[in-house]
1. Can you find a residue in region 442-452 that is in a helix (DSSP H, G or I), closer than 17 Å to I389 by Cα and of a type outside the set (A, V, I, L, M, F, W, C)?
2. Of the residues L413, L454, only one is in the same structural domain as L224 (by TED's automatic domain parsing) and at pLDDT 80 or above; which?
3. If the requirement is being part of a helix (DSSP H, G or I), out of contact with any Ser or Thr (no Cβ under 8 Å at 6 or more places or on another chain) and either surrounded by 18 or more Cβ atoms within 10 Å (Cβ to Cβ) or touching a residue at least 12 places away in the same chain (Cβ under 8 Å) (or both), which of these qualifies: V199, V194, V176?
4. Out of V283, V356, report the one residue that is assigned by TED's automatic domain parsing to the domain that holds S80 and either assigned to a helix (DSSP H, G or I) or modelled with pLDDT of 70 or more (or both).
5. Just to be sure, is A195 at pLDDT below 80, in the same structural domain as I140 (by TED's automatic domain parsing), more than 27 Å from T320 (Cα to Cα) and not aromatic (F, W, Y)?
6. In region 395-454, what residues are among the polar types (S, T, N, Q), surrounded by 13 or more Cβ atoms within 10 Å (Cβ to Cβ) and farther than 30 Å from I243 by Cβ?
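The values are calculated or read from the model by the stated rules, or taken from the named source; none is laboratory data. Just so we're clear, the structure is a prediction, and the values are computed from it rather than from any experiment. A quick note on method: Cβ atoms are made from the backbone with ideal geometry, for glycine too, and the neighbour counts reach across all protein chains shown.
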Amino acid sequence: MMNRLKNEQSLSEVHGSIDVNNKAIGWKRVLAFFGPAYLVSVGYMDPGNWATDLAGGSKFGYALVWVLLMSNIMALLLQSLSARLGIVRGRDLAQANRETYPKTINFFLYILAEVAIAATDLAEVLGMAIGIHLLTGIPIIWGVGITVLDTLLLLYLQKLGMRKMEVFIIGLVAVVGLSFFVEILLVKPNLTEVAAGFVPTFPNEEALYIAIGIIGATVMPHNLYLHSALVQTRKIDRTNKGIKQALKWSFVDSAIALNIAFLVNAAILVLAATAFFKNGIMVDQIKDAHQLLSGVLGSKVAPILFAIALIAAGQSSTVTGTLAGQIVMEGYLRLRINPWIRRLLTRLLAIVPAIVVIYIFGEKEVDYLLILSQVILSMQLGFAVIPLIHFVSDKKTMGAFAIKPIVQVAAWLIATVLVYLNIRMVINEAGKVFEHPGNLFWKVVIITGGILFLLLLVYTIFYPLLNRKAKIASIQMHPDVGGLKPLIVPTYKKIAVALEFGEHDSAILAHAIGQGRQDSEYVLIHIVESPTARILGKESDDFETRADEERLQFYIEQLSERGFVATGHLGFRHRAKEIVRLVKENQADMLVIGAHRHTGVKDWLYGETINSVRHELSIPVLVVNF
C-alpha cells in the first residue's frame, strides 16, 4: 500500500509512456505533444473561479474582463516555465525543491503544497455538490458525500493510461466550453461593450478586491507541480534539437489550452454582466446565479447547462488535483501510496470540513468555504512560483535552455505582483478578525502565522541565491561510466515459489526451475485464505487447510521424483505479509510468483499482492504473467 521510491521518475507509472518519436513527421507528431496543458487548464476554470467571475460580472459589468486576460498571460508564462523544468531537467517542481532546499524547509514546503491541494479539492467538492443539487435537488450535504465515489473513476482512468485520461479530461472541458457557448448565445451580450472591458480600469476599491480574487483564483500552485510532471509523459529525443522541439510544442499546447480556459472564465463573467448587472441584480452565490438565470433569460435550458458545466468543471479538476497530490508526495517525501488511497485521503480532507460546516451552519456558508479555499491557495502561490523561477534561470542545471534575462525580469515581475496581491488579499480577510474586540486566540494565531509565513517566504527567495555550491547538473541523465564491470552471474541455491493451487502452478514451477541449478532447493509456499484460517491462523484445521497440506505434499513428491529438492510451507490470513515472512524465514535468494494482470477495481480488491511483496523483499522477484 505504501513504499519508498527507488527511482527518480515523476509519475513513474506513465513516465515516457507516449513516444512522440514513433509518430510520423507532421501533424501526428505535433498532436502527440498535446495533452498535458489541457489537464492543467482545468484548474483555471474550476468552481473556485466561478464565484469571483460571477461577483465581478454582476457587480461591475464588463469592466474586469481585462483582469482575466492579464491573469491568463501570467499563467501562460508560469506554466511554460513549469513545462521547461520538466522537459529539460527531467524533474518536477517537488523533486527540484527537494534537491535544492534543506530538509526542514522542504518539509514545510511539502505541508503547504498538501494544504493547497486539499483547498483545491475542497473547491471541487463544493462545486460538484452544488451542481448535483441544482440539477437534481439533492441536498448539498448529500452531494458532498456522493463526490467520494469519483475515487473509483480516477482509479479506472489511471489503468487505461495517460492518453485516455487526457481524452476524458478534454471531453469534460468541451462540455464546460459548449455549455457556456450556448449560454452566451442565449444572453446575447453587446460585443462593443465587452471589448471596452479590455481597457484597464478599477471602478472602486471593491473592484480592486474582486480583481485580486480573480487573479488569486486563476493562478494556482498545484498546477505548477502538475505541469512539470505531465510533460515527462512524453518520450522525446534527448538531443538539443529534440528538447527545442518539445519546448516549442509544449508552449503551443499551453497557449491553446489556457486560452480556452480564458474564454470559459470570460464567458462566466460576461454571462453575469449581461444577465445580472444590466438588470440591477448582484450575485454573490453560485446557487443564486443558477436560480436567477431562468427568470432573467426566460429559458429553462440556461440553468440546466449551468449546473452541468459546474459538475463537469468540478470532476475534471478533481482528477488533476489527485495527480498533483501524487507528484507532491513522491517528489518531496519519495513516498508512494496506492492511487485509490491517495485519492481517498485527499477527498476526505476536503469532505470532512465541508460536511461539518454545512451540518453546523447550513448551506448558506458553502460560498464562504469556496472563498476560504481560494484564500488558502493564495497563501501558497509564492512558494511554488519563486523556486520555479530560480530553477529555470540556473545555467548550471538548465544549460543552454535557461531562460533569457528578459524572461527572468518578466517572471520576477509577475511573481512580485502575484505575491503582493495575494498577501493583500489575505490581510484583508484577516483584518476582519481585528475589527471586533475579543478573539484574542485567533488574533495571536494570525499574527504568529503571518510572521512565520513571511520568514519562510524570504528564505525561499534568498536561499538559492546564497547557496552557490557546485552540484552535479541534473540535466545529466546518467553518470559517466568507463564500460561494463566484470559480470558476475548469480546462482540461486534456494528459490521460493508462491503457488495458487490452480491451473498455472505448473508454469510457475517451470519458471522457478529455469532459474535454478540441479542442486537448488525449492521452497513451495501457499497461503490459506479460508474464513477459519483468517481467524485461527496456523491453528486452523478446516477442510481447506487439510486439502492444501495434501496438495503441497503432492507437489513435493512430484518434484522429488524428478530429482529436485523441495520443502513446503503454508501461510495464513494476510497473503502478501505471509509470503514475505515465509521467504525471509527460509532465507530464499529468489522468489517466483504468478500474476493475473487484474485491472481497475479487481486490482484493488486483490490487494496488489505483487507490489506489496516486492517492496518488502531485497531479493530478486520473478513475476510470471498469465
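1. Within region 442-452, the subset in a helix (DSSP H, G or I) is 442-452.
Okay, now just the ones that are also closer than 17 Å to I389 by Cα, so none.
Within region 442-452 (the criterion being in a helix (DSSP H, G or I), closer than 17 Å to I389 by Cα and of a type outside the set (A, V, I, L, M, F, W, C)), the answer is no, since none of the residues qualifies.
2. L413
3. Working: V199 fails: part of a helix (DSSP H, G or I); V176 fails: out of contact with any Ser or Thr (no Cβ under 8 Å at 6 or more places or on another chain).
On inspection, the qualifying residue turns out to be V194.
4. Details: V283 fails: assigned by TED's automatic domain parsing to the domain that holds S80.
That would be V356, the only listed residue that is assigned by TED's automatic domain parsing to the domain that holds S80 and either assigned to a helix (DSSP H, G or I) or modelled with pLDDT of 70 or more (or both).
5. No, not satisfied.
6. Across region 395-454, the qualifying residues are N422, N428, N439.
For (1) modelled with pLDDT of 80 or more; (2) touching a strand residue (DSSP E or B) at 6+ places or on another chain (Cβ under 9 Å), each residue gets a yes or a no:
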residue: H526; (1), (2): yes, yes
residue: R562; (1), (2): yes, no
residue: Q587; (1), (2): yes, yes
residue: I593; (1), (2): yes, yes
residue: D603; (1), (2): no, no
residue: Y606; (1), (2): no, no
residue: S612; (1), (2): no, yes
residue: E616; (1), (2): yes, yes
